[in-house]
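Everything below concerns the one structure shown next.
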Amino acid sequence: MQDFVGPDGDTVKLLRECDAGVKMGVESIDEVLDNVKDETFHGILSECKYEHQKIAAELGSLLDEHSDSGKSPNPVAKSMSWMKTNAKLMADPSDKTVADLMTDGCNMGVKSLSRYINQYKNADKKSKDLAERLVDIELQLTEDIRRYL
């Protein structure tokens, strides 16, 4: 993985962070989906996963244009998320617990992505727009699942 400097630097860095975030989102949804009992809630999460996968494909294309392979989620963050998810679901395997976990994850994603959008100000418009779309998807999910909390 190259560390770009210059005009493409912010673009590639923002794309990498979006790539890691979208992968984390898909993995998080996969972790909880089998526990969801409400059919509508299951559909909301499945649709959100699909939207994340569409963005992942777009990210892949943009990263390819910059000859970059992307970024995987931080292994420590993944492990901690997995432990928290499984511990909470063992204690209370309800839709309320899933909604709580997903809301926390979305809030962390929005916070991180917003920070990266601000940090990488010189990223190109396509990359910023993609990052903003990802933020919008996360915000929409928290709104859609609020009734399950």
(request) May I ask you to evaluate 6.51 cos²θ - 1.76 cosθ + 1.60, the Karplus curve with θ = phi - 60°, for each residue of segment 31-47 and list the ³J(HN,Hα) values in order in whole Hz, giving x for glycine and proline? (result) 5, 9, 4, 5, 8, 6, 9, 6, 5, 5, 4, 4, x, 4, 5, 4, 5
(request) Using a 10 angstrom cutoff on alpha carbons, build the Gaussian network for the chain and name the most mobile of SER69, SER79, SER46. (result) SER79
(message) Nothing charged except the Cβ atoms of Lys and Arg (+1) and of Asp and Glu (-1): what's the magnitude of the dipole of segment 1-115 about its Cα centre? Round to the nearest 20 debye.
(response) 400
(request) Take the alpha carbon atoms of the chain, find their radius of gyration, then divide it by 2.2 N^0.38 Å using N residues; give the quotient. (result) 1.07
(message) Let me check against my output: what whole-number percent is the relative contact order of the chain, with C-alpha pairs under 8 Å and at least 6 apart?
(response) 39
(request) Could you state the angle between the C-alpha long axis of helix 75-91 and the longest principal axis of the C-alpha atoms of the chain, as a value from 0 to 90 degrees rounded to the nearest 10? (result) 10
(message) What translational diffusion coefficient, to the nearest whole µm²/s, does segment 17-79 have by Stokes-Einstein, given a Kirkwood radius computed over alpha-carbon pairs, a temperature of 20 °C and 1.002 mPa s viscosity?
(response) 170
(message) Ranking request for peptides 9-15, 85-91: highest mean number of other beta-carbon atoms within 10 Å first, then the rest in descending order.
(response) 9-15, 85-91
(message) Could you order the peptides 141-147, 96-102 from most to least packed, using the average number of other C-beta atoms within 10 Å per residue?
(response) 96-102, 141-147
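Coordinate-derived values only; no laboratory data. Worth saying up front: this structure is predicted, and the values here are computed from it rather than measured. Neighbour counts are summed over all protein chains in view; Cβ atoms, including those assigned to glycine, are modelled from backbone coordinates with ideal geometry.
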